[in-house]
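Taken together, the values in this text are just the output of simple stated rules run on the coordinates, not laboratory data. Quantities reported herein were computed from a predicted structural model and do not represent experimental measurements. Glycine gets a Cβ as well: all are built from the backbone with ideal geometry, and neighbour counts include every protein chain shown.
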2 protein chains.
Amino acid sequence: MAEDFKVTPWEVSGEVDYDMLIERFGTKHVDNALLDRMSKYGELHPLLKRGIVYSHRDMDWILDRYDAGEKFYLYTGRGPSGNTHMGHLMPWIFTKYLQDTFKVPLYFQLTDDEKFLFNEKLTLDDTKNMAYENMLDVIALGFDPTLTKIIIDTNCIKTLYPIALKTAKKITFSTARAVFGFENSTNIGSIFYTSIQAAPAFMVSEIEGKNVPCLIPCGIDQDPHFRVARDIAPLLGYYKPALLHNKMFPGLQGTDKMSSSQPNSTIYTTDTPKQVRKKVMSAFTGGAVTVEDQRKNGGKPEICSVFKYLHFLFEEDDKKLEELMIKCRNGEILCGECKKSLADSMVNFIEIHQEKREKARDKVQDYLFCED
Amino acid sequence: MAEDFKVTPWEVSGEVDYDMLIERFGTKHVDNALLDRMSKYGELHPLLKRGIVYSHRDMDWILDRYDAGEKFYLYTGRGPSGNTHMGHLMPWIFTKYLQDTFKVPLYFQLTDDEKFLFNEKLTLDDTKNMAYENMLDVIALGFDPTLTKIIIDTNCIKTLYPIALKTAKKITFSTARAVFGFENSTNIGSIFYTSIQAAPAFMVSEIEGKNVPCLIPCGIDQDPHFRVARDIAPLLGYYKPALLHNKMFPGLQGTDKMSSSQPNSTIYTTDTPKQVRKKVMSAFTGGAVTVEDQRKNGGKPEICSVFKYLHFLFEEDDKKLEELMIKCRNGEILCGECKKSLADSMVNFIEIHQEKREKARDKVQDYLFCED
């Protein structure tokens, strides 16, 4: 049963055993020693404290370099296949915390080429348009415009392509097939694609003509791309990129990853307050079948998606979260109350985000990288 | 024995049976009917009359469209892995004849990315520098600068990449492996590459927003790339590119293809007159072992590389060539005389070419396409 899940850059299915994923992928736990060390640069983000950003590669090395005066840069991104939802925002919010804490540059890649290649139905115009829409959400989060550059792959390809070529030359079909599970029917663009996703991890070193450490905060599902990139980095004379992995943001219907394939389980940044409220009010919870039953036996916050949302993003106060859990287990609070409270928080968040998102339309030029 | 040869875009080995290649590849002979038709647009080029440009795909369709007022464009190219040699010039000379005859645009692709990906030893700087050097030879041939644009892949990638993506999405790994003979150890850049070589065949249609016929004059060894491109063209709504294939230019040591892996068999456009003369004077001929024997029994022009050179490029007069063949067979002429005569012609050609090649350095900007 624990084996019965799948995590690739293009598919997350089954009930994910995140500890087993660390074993499978060969990453390291974000342990207390690392958390202690990170806390010295500023207050730990709740996503770290709560074990949602839970796995890493070489984060200690990044801090060693940083302490020695060698600044790293951040690299993360998004595959623009549809509207942005809360599951996308979570790692970006965490990335902003890293930028604010360490005062380092961020390169944000929008992979319009990837989503075109991997999605039968999408045209390149679709994914380019979606890249623009997704970019508004990135900008709305308030990344420092003097430190943040957004890469749209097809626009920046003149910069990315030579690095991707060097990367691709070192990756055999065997390796790509083993890591990504490609088949004979996979198109040749998809096979090549990982070199484009690797490129920003080497790009700054290439541009500056000397090695610059790179830290990639991302979902653990994206690790395979960077595992390959790390393997070949020394062959090209680059540092291996370091990674900080987060768990997947859950869906509202109890699934392990919020996904656009389940719109009712998914809160988009473009949803109206009414839509947000409706989706939250019909969320899967850990409540009992009847009020009487729940008052008597309590609910199960450990399986409740409303509780997960509070845990992941919407209740930053550890004490309040703990109290809520106890109340739920004791039957002192009913699902309706929790859902209403979450809906209020989310509507509030979305309303503010949408205002900033509108203003972002005028800021696009400040963020775009290498419109070559 | 006739099966014992291999022709791929990256390897020509064994004694090539060109008629069998037409069967294997599924192309058509340039027959008398087609030659008759082509002669109506201008005097036939010797390479056509002599069966060196001997195979095609849809050349009749190109002429149909042309007659109906729909102009085609020419597309050919070169993989810049080393200096230009006579074997490269031959199809370019033929391409110039096509441009002069039909007054049509030419896009000339220099595939610095390909040669980097397929050659373990070459860096991207090597192949870019070589692209520049090769370009000088193209310009020196006197292509009309108002109708001719030279594409260096890594410089024009912003234009090529979106078309390559559309192409790549339609080509499975199975297809690429079957056509190009890829293995598990092939790098993922090489697997993707054919989509970059296909891109110029669709590029003008893409830019103009309507279908424009494309004619590709090239060595028959390049056919696999365009066979794949033709298969997927209808899926993308493009015309299939048409092709005119030439046989390989022979090496001076009797091999089927002049190749940089045999420098003594190869005349480079950058060779000194002394080097040219020396290589020609030590060419493989069809002569007998002794002068007496040759005077008595004659030579064998059919296996003589000197004769092949005259046939391919350096004796345009059919009558003179015929006379020479008879004289050789009758023992009336010795190899030394033939070699000296060819050396004189080639030195003369090279001296004039090198002068034009130097002047080409100032014309580069007139020819470069989309330095995006």
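Observations on the structure shown:
- Across the identical copies, how the A:T272 labels are spaced - nm, sorted shortest first, 7 Å along Cα→Cβ: 8.4
- Ranked by how many other Cβ atoms sit within 10 Å of their own Cβ, fewest first, the residues B:T111, B:T167 fall in the order B:T111, B:T167.
- Magnitude of the charge dipole, segment A:157-305, Cβ model with Lys/Arg +1 and Asp/Glu -1, debye to 20: 160
- Using equal-weight Cα scatterers in the Debye expression, the normalised intensity of chain A in log10 at q = 0.07, 0.09 Å⁻¹ is -0.31, -0.52.
- For segment B:263-358, the Kirkwood hydrodynamic radius from C-alpha pairs, put into Stokes-Einstein at 25 °C and a viscosity of 0.890 mPa s, yields a diffusion coefficient of 178 µm² per second.
- Each of A:I93, B:I152 was scored by other Cβ atoms within 10 Å of its Cβ. Listed from fewest to most, they are A:I93, B:I152.
- Inter-part distance where segment B:342-372 and segment A:256-314 are each reduced to a Cα centre, Å: 72
- Against the compact-protein benchmark of 2.2 N^0.38 Å, the Cα-based radius of gyration of the protein assembly as shown scales to 1.19.
- Two-site FRET efficiency, B:E133 against A:R50, from Cβ-Cβ distance with R₀ of 45 Å, rounded to 0.05: 0.15
- Greater than 32 Å apart at Cα, pairs in B:K128/B:K166; B:K170/B:K363; A:K28/A:K103: B:K170/B:K363
- Span-like helix ranges in chain B, DSSP H, alpha carbon extent 27 angstrom or more, Kyte mean at least -1.0: B:188-208, B:335-360
- Close amide H partners of A:L368, meaning residues 5 or more places away or on another chain with modelled amide H under 5 Å apart, are A:I150.
- The count of lysine pairs in segment A:184-330 that are at least 8 places apart or cross chains, and whose C-alpha atoms lie under 21 Å apart, stands at 20.
- Likely footprinting exposure, B:L147, A:L124, fewest C-beta neighbours within 10 Å first: B:L147, A:L124
- Between B:R329 and A:K356, the modelled label-to-label distance comes to 8.8 nm, taking each label 7 Å out from Cα in the direction of the beta carbon.
- Cβ-based net charge around B:W92, under 12 Å, with every Lys or Arg adding one and every Asp or Glu removing one: +1
- Label spacing, shortest first and in nm, from B:E292 to its equivalents in the remaining copies (7 angstrom along Cα→Cβ): 12.7
- The magnitude of the dipole of segment B:5-247, with charges of +1 and -1 set on the Cβ of Lys/Arg and Asp/Glu and taken from the Cα centre, is near 500 debye.
- Scattering from segment A:53-110 was approximated by placing one identical point on each alpha carbon and applying the Debye formula without solvent; log10 I(q)/I(0) at 0.25, 0.29 1/Å stands at -1.15, -1.32.
- Between copies, the label points at A:E133 (set 7 angstrom from Cα along Cα-to-Cβ) are spaced 5.1 nm, reported in nanometres from shortest to longest.
- Averaged over the residues of peptide A:103-114, the number of Cβ atoms from other protein chains lying within 10 Å of each residue's Cβ is 1.
- DSSP bridge orientation in the protein assembly as shown - percent antiparallel, rounded to nearest 5: 40
- Separation of alpha-carbon centers, segment A:1-49 and segment B:133-166, rounded to whole Å: 48
- For chain A, built as a Gaussian network whose Cα springs stay under 10 Å, the top-fluctuating residue of A:D113, A:D126, A:D293: A:D293
- Selected from B:G42, B:M135, B:M59, residue furthest toward positive end of dipole (segment B:38-140; charges at beta carbon): B:G42
- Here the sum of -39500 (n - 2.57) over DSSP H runs of 4 or more residues, divided by the residues of chain B, equals -15500 deg cm²/dmol at 222 nm, to the nearest 500.
- Among beta bridges from DSSP that stay inside chain B, the antiparallel ones total about 40%.
- R0 of 45 Å, Cβ-Cβ distance B:F182-A:N264: FRET efficiency to nearest 0.05: 0.55
- A straight chain from B:M281 to B:D231 at 0.36 nm per residue would run longer than the Cα-Cα distance by 13.4 nm.
- Distance to the B-onto-A rotation axis is smallest for one chain B Cβ; residue and value in angstrom are B:F192, 2.
- Rounded to the nearest 20 debye, dipole of the protein assembly as shown from Cβ charges on Lys, Arg, Asp, Glu: 160
- Rounded to whole numbers, the Karplus 3J(HN,Hα) couplings from phi for segment B:110-116 are 9, 8, 4, 5, 4, 5, 5 Hz, using 6.51 cos²θ - 1.76 cosθ + 1.60 with θ = phi - 60°, and x at Gly and Pro.
- Placing a pseudo-label 7 Å from each Cα along the Cα-to-Cβ vector at A:N348 and B:K296 gives an inter-label distance of 11.2 nm.
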